[in-house]
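Below: the structure, in structure tokens.
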Amino acid sequence: MKSTMFSLAPRPSPLAPRQLAAEAASPRDSSLRLTPLAPLFCLLLILAGCPRPESEPRSGSVRLPLEGVTLRLAVVDDPALAAAVVQARGEWNAQTGAELEVTEISEKELERAETLPADAVLCPSFAIGVLAERNLIEPVPENITRGDPWDGIFDLPKLREAAWGKQIVAVPFGSPVFCCYYRADLLEKLGRRPPRTWSEYRELAELLAKNSPLPLGEGPGVRAHWSAAIEPLAPGWAGLTLLARAAPYAKHRDNFSTLFNIETMAPLIAGPPMVHALEELAAAAKLGPDDPFQFDPAKVRAAFWRGECGMAISWPTAAEERVEGRGERGEFGGPAASESGGPAASESGGLAASAASNSARVGFAELPGSRRVFNLSENEWDKRADDDDRRVPLLAVAGRMGVVGKGSPHREAAFQLLLWLSDDRMSPQISALSPATTMFRRSNLDVSGQWVEETVLHAAAAQYGEATLAAFSHEQWLGALRIPGRAEYLAALDEAVAAAVRGEKSAQEALQQAETKWREITKRLGLDRQKAAYRHSVGLE
């Protein structure tokens with residue numbers, strides 16, 4: 001466990017230049033930064049007890065609501081997020097009187113802990129299920145989920161991703177969903193719009209493959225390969241990409257069973273929805289780079305900004321990743337820190353400069369959906385009803401959530417700390433610095449430029465904000481395996497994707513092999529335990 005050392009001298013926020021630019025562009029931005037903390041202080045005063053006049057210090061100063069309290073906050077595998085909290089520590093201390101200690105820990109350390117190592121923990125979104133199943137975290141009090149600042153959070157993060165069973169157990173700090181980057185200038189030339197279904201995505205990829213804007217060949221300044229589309233198929237990401245593609249095929253409005261049967265815990269990954277999605281993924285990979293398995297979300301972004309593809313699946317980030325990977329994955333199965341970061345400036349290159357000058361415009365769209373969905377109850381494909389969403393977002397791909405440890409002596413204060421760090425005013429200064437988050441509050445839409453790469457134009461940044469809001473407003477959703485053994489289940493899916501893309505096995509054969517491994521994992525971890533966790537993960541008791 002590594003403690004973060006604090007300096008008494010104030011340090012400027014690394015987002016300050018971008019914040020000033022955003023405030024100049026939007027009058028609402030500056031008002032956000034001046035939002036009073038009165039509601040927080042009133043609640044803290046109630047929690048701490050209003051000081052009596054006779055108990056006030058002889059100097060006559062008013063006692064702060066948490067004076068004398070020391071809160072401990074642990075940040076899991078996210079140095080950028082930890083640094084941002086440290087920079088906000090002085091303001092929290094000055095306003096509340098509480099001291100704040102921040103430590104950084106790894107997933108492995110959190111996995112081995114018998115109790116949470118701090119009053120509050122900022123952890124990967126997908127970890128909350130494991131923590132809840134081990135009874136290590138407190139549910140969020142109802143008085144918090146009934147008003148500001150909770151009301152300003154997008155629907156799916158606060159109602160689904162922060163939930164376990166029927167309880168809300170975490171405070172959202174932003175969890176990205178995959179989105180589609182695209183070259184708006186190229187689509188206009190082809191007379192096409194961003195794909196709304198995966199069938200349209202495939203057709204558009206085929207057109208882009210035949211209409212490369214770059215010269216191909218060898219020599220200085222000549223691109224050796226043009227990819228119609230690039231998707232994150234690196235280890236730790238291929239299975240997630242497959243789940244994102246399969247979500248609209250597998251999530252029927254009448255079925256809870258998607259990845260597992262909720263009654264028997266039998267895996268469903270070798271069924272028609274997943275097989276169809278893997279067949280489409282393998283076909284699209286043939287129009288991509290020569291070695292598709294080297295691309296995690298950060299490398300996908302970097303390749304797009306170098307102008308090497310027409311479409312890309314990833315998510316935007318304003319954060320620059322400077323952290324080396326932490327090695328072996330933990331029980332929660334999160335990617336190493338460096339795998340989820342943003343490209344360094346030196347990697348962005350070509351298209352970034354062109355985009356900045358508007359000669360090569362970029363756009364953002366939700367991931368495609370489907371007009372068809374598999375009805376597990378009837379064992380047949382259905383056409384989606386007119387009022388049924390075609391798009392189904394995959395939640396808990398990455399992201400960060402705040403949780404409070406069971407039995408913390410400062411439970412109420414810890415929840416207020418999490419709310420303060422993630423509210424309208426602070427979230428652009430805290431969450432936006434992490435490459436594993438995205439905007440998650442309605443107020444974040446007003447400063448969308450702080451959540452995307454620096455070269456993204458204002459209109460495109462606003463477009464990403466709209467796509468994000470839409471993605472988090474859908475009725476249907478799929479969770480990215482928030483149960484124990486996540487890393488092992490996803491590794492089996494990674495292998496299936498690799499075998500199908502390389503042509504070593506058909507999609508059906510590859511997924512049947514993965515299904516066998518899923519059964520073995522479930523049996524080893526305990527069928528009843530896994531069944532209970534999976535039911536909780538989809539919102540059932």
Residue match in region 251-259 (condition: hydroxyl-bearing (Ser, Thr, Tyr), over 24 Å from Gln530 (Cα atoms), within 29 Å of the chain's Cα centre (by Cα) and modelled with pLDDT of 95 or more): no
Region 394-425, residues that are under 21 Å from the mean Cα position of the chain (by Cα) and either in a strand (DSSP E or B) or without any contact (Cβ under 8 Å) to a residue 60 or more places away in the chain (or both): Leu394, Leu395, Arg400, Met401, Gly402, Val403, Val404
Helices (runs of 4 or more DSSP H) wholly inside region 426-541 containing at least 1 residues that are more than 29 Å from Pro292 (Cα to Cα) and within 18 Å of the chain's Cα centre (by Cα): 427-430, 458-471, 527-537
Which listed residue, of Ser448, Ser537, is out of contact with any Ser or Thr (no Cβ under 7 Å at 6 or more places or on another chain), within 29 Å of Glu263 (Cβ to Cβ), among the hydroxyl-bearing types (Ser, Thr, Tyr) and crowded, with 23+ Cβ neighbours inside 10 Å: Ser537
Residue count, region 198-213 (criterion: under 29 Å from the mean Cα position of the chain (by Cα), farther than 18 Å from Arg361 by Cβ and among the aliphatic types (A, V, I, L, M)): 1
Cβ-Cβ under 8 Å pairs, at least 6 apart or on other chains, region 365-393 side closer than 17 Å to Asn261 by Cβ and in the same structural domain as Ala312 (by TED's automatic domain parsing), far side of a type in the set (Val, Ile, Thr) and surrounded by fewer than 18 Cβ atoms within 10 Å (Cβ to Cβ): none
Members of region 485-515 found to be in contact with a strand residue (DSSP E or B) (Cβ under 9 Å, 6 or more places away or on another chain) and within 15 Å of Met265 (Cβ to Cβ), listed by number: Tyr489, Glu515
Failed item in (1) in contact with a Lys or Arg (Cβ under 7 Å, 6 or more places away or on another chain); (2) surrounded by 23 or more Cβ atoms within 10 Å (Cβ to Cβ); (3) closer than 21 Å to Leu395 by Cβ, with Ala170 passing the rest: (1)
Members of region 449-487 found to be touching a Phe, Trp or Tyr at 6+ places or on another chain (Cβ under 6 Å) and polar (S, T, N, Q), listed by number: Gln463
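The values are calculated or read from the model by the stated rules, or taken from the named source; none is laboratory data. Remember, predicted model here, so these are calculated numbers, not experimental data. With ideal geometry, Cβ positions are generated from the backbone for all residues, glycine too; neighbour counts draw on all protein chains shown.
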